[in-house]
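The values are calculated or read from the model by the stated rules, or taken from the named source; none is laboratory data. The model shown is predicted, which means the values in this text are computed figures rather than measured ones. Backbone-built Cβ (ideal geometry, glycine too); neighbour counts: all protein chains shown.
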There are 6 protein chains.
Amino acid sequence: MQLSARNRLKGTITGPTLGEVMAEVTVDIGGGNEIVSAITRCSVEGLGLREGMTVHAIIKSTEVILGKE
Amino acid sequence: MQLSARNRLKGTITGPTLGEVMAEVTVDIGGGNEIVSAITRCSVEGLGLREGMTVHAIIKSTEVILGKE
Amino acid sequence: MQLSARNRLKGTITGPTLGEVMAEVTVDIGGGNEIVSAITRCSVEGLGLREGMTVHAIIKSTEVILGKE
Amino acid sequence: MQLSARNRLKGTITGPTLGEVMAEVTVDIGGGNEIVSAITRCSVEGLGLREGMTVHAIIKSTEVILGKE
Amino acid sequence: MQLSARNRLKGTITGPTLGEVMAEVTVDIGGGNEIVSAITRCSVEGLGLREGMTVHAIIKSTEVILGKE
Amino acid sequence: MQLSARNRLKGTITGPTLGEVMAEVTVDIGGGNEIVSAITRCSVEGLGLREGMTVHAIIKSTEVILGKE
């Protein structure tokens, strides 16, 4: 499936942390950059997300804030 | 100011496109990755964003979807 | 690709409206329900979205507000 | 109150799951479709949301991603 | 209708700006604070939003970033 | 750092509630208004957020829904 979301960053899961409802998943996208995603625990379990797995971090462009130093 | 948002990717603006209300800004974050941000035209003009400028793409972790191939 | 986003509603595009930067796409998901999506014009053009096409509206669960009558 | 949010889907709560801070609420909107909402536990308790209750899932159009098969 | 969204700020519209698809609406919430909302032009027209009208700015708690000086 | 996000409301933290993954932080912004933010527990701990601290609630304009009475 092709998505309208403009941002897709490929990486490797370095660590999922599970809460009761939500979970936090860290993805190493290379170049010293990490992406943290907060999704439901059900999604982590449903997709079988675990350390070392290759995933894509997908972000809609309307969710990206820019900061100027 | 330190932000609660967990994701910050540094890059260089490669091209802003201005509409009447919204604008699209593309940021080269290196490693062959680009981030597209849709913000208001007022923000682009207020911050003076233009090609070649260094910016940070800031994304709250609750906005990041994960995809598994 | 399998997505962590919990909500996926299949439907048919009934009308895209293009602005300079953003576009609005209406999707008939059946049962008398319509979903409106505001995405970038580039996404509409990149995916070739047009009336009559089958698409999925994908929504992260953290974006859904509940209202009680 | 009339809302600017373009999407409102009426349904019946089929199951709330409570965590310490967040909660997940599933809503059957008919036609074989379900909507999952991740809101704060305080909202679930404040509105008294429980199985069988009629609610509206409200989604801002800027939060809807489209996917093409 | 009672909403799960935790934040509601009452104010007065000081100026809507219309684009082709999106619109920007500024709301004076008192105490020297203003809220800017980017919604679809259709919403502005559908609700008949105009300068001087009383509205509520509604924000889901998962959309609020905190910054520490 | 200057942010593209149009909304910034200064206030005082009145209470953080910690879950395993997520946390809820309430900020008194004066004028009888409170803002609730749902962020990760890691952010609360990383920034050392605690009662009485001055913070800014930062909200992207695309996340603000308007309601008309």
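Couple of notes before you dig in:
- Matching residues in the range F:51-69 - criterion: being under 12 Å from the mean Cα position of the chain (by Cα) and over 27 Å from E:S37 (Cβ atoms): F:M53
- Conditions (1) out of contact with any helix residue (DSSP H, G or I) (no Cβ under 8 Å at 6 or more places or on another chain); (2) over 28 Å from A:R8 (Cβ atoms); (3) surrounded by fewer than 20 Cβ atoms within 10 Å (Cβ to Cβ); (4) modelled with pLDDT of 95 or more; number of the one not met by D:Q2: (1)
- The residue of the range B:33-55 that is farthest from the other protein chains (Cβ to nearest Cβ), among those that are more than 17 Å from C:V21 (Cα to Cα) and in a helix (DSSP H, G or I), is B:G46.
- Among the residues of the range B:16-32, those identified as more than 7 Å from every other protein chain (Cβ to nearest Cβ) and farther than 25 Å from A:M53 by Cα are B:P16, B:L18, B:T26, B:V27, B:D28.
- Test: residue in the range C:60-67 that is out of contact with any His (no Cβ under 6 Å at 6 or more places or on another chain), more than 11 Å from chain B (Cβ to nearest Cβ), part of a strand (DSSP E or B) and surrounded by fewer than 15 Cβ atoms within 10 Å (Cβ to Cβ): no
- Residues (among the aliphatic types (A, V, I, L, M) and in contact with a helix residue (DSSP H, G or I) (Cβ under 7 Å, 6 or more places away or on another chain)) located in the range A:16-48: A:L18, A:V21, A:M22, A:A23, A:V25, A:V36, A:A38
- Some residue of the range C:49-61 being touching a helix residue (DSSP H, G or I) at 6+ places or on another chain (Cβ under 8 Å), of a type in the set (V, I, T) and in contact (Cβ under 8 Å) with a residue 40 or more places away in the chain: yes
- Number of residues in the range A:24-50 that are out of contact with any Leu (no Cβ under 8 Å at 6 or more places or on another chain) and crowded, with 19+ Cβ neighbours inside 10 Å equals 6.
- The range E:1-32: number of residues that are in contact (Cβ under 8 Å) with a residue 40 or more places away in the chain, of a type in the set (D, E, K, R) and part of a strand (DSSP E or B): 2
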